[in-house]
Amino acid sequence: MPGTLTRPELTAADRCDRCGAAAKLRAVLPSGGELLFCGHHARAYEAGLRDVQADLQQDEQ
């Protein structure tokens with residue numbers, strides 16, 4: 001039986017697509033693309049990402 005596809009945990013190497021800081025949030029868009037955001041930009045764009053029904057995955061650390 002095939003396993004469920006999951007995205008890997010965010011690591012220190014993952015950087016914000018907006019400013020280059022450490023990524024704290026992965027936004028998976030309905031189209032399948034993904035964006036990574038630091039905490040600051042995650043808060044700034046959260047409402048818009050929810051509006052487009054992106055799947056938001058927070059860094060657990």
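When each pair of different Cα atoms in the chain is counted once in the 1/r mean, what is the Kirkwood radius in angstroms, to one decimal?
Evaluated on the chain, it is 12.0 Å.
Accessible area per residue of the chain at 1.4 Å probe, in Å²? Before the final figure, lay out the partial values.
Details: 4470 Å² over 61 residues.
Per residue, the chain has 73 Å² of solvent-accessible surface.
Nothing charged except the Cβ atoms of Lys and Arg (+1) and of Asp and Glu (-1): what's the magnitude of the dipole of the chain about its Cα centre? Round to the nearest 20 debye.
Using only the charged Cβ atoms, the result is roughly 120 debye.
What part of the accessible area of the chain, given as a whole %, is carbon or sulfur when the probe is 1.4 angstrom?
Working: 2300 of 4470 Å².
Roughly 51 percent, rounded to a whole number.
The values are calculated or read from the model by the stated rules, or taken from the named source; none is laboratory data. Quick caveat: nothing in here was measured; it's all calculated off a predicted structure. Counting neighbours? That spans all protein chains shown, and the Cβs are built from the backbone with ideal geometry, glycine included. Heavy atoms of the whole protein, side chains included, go into the accessibility calculation; ligands, DNA and RNA do not. Shrake-Rupley method; radii C 1.70, N 1.55, O 1.52, S 1.80 Å.
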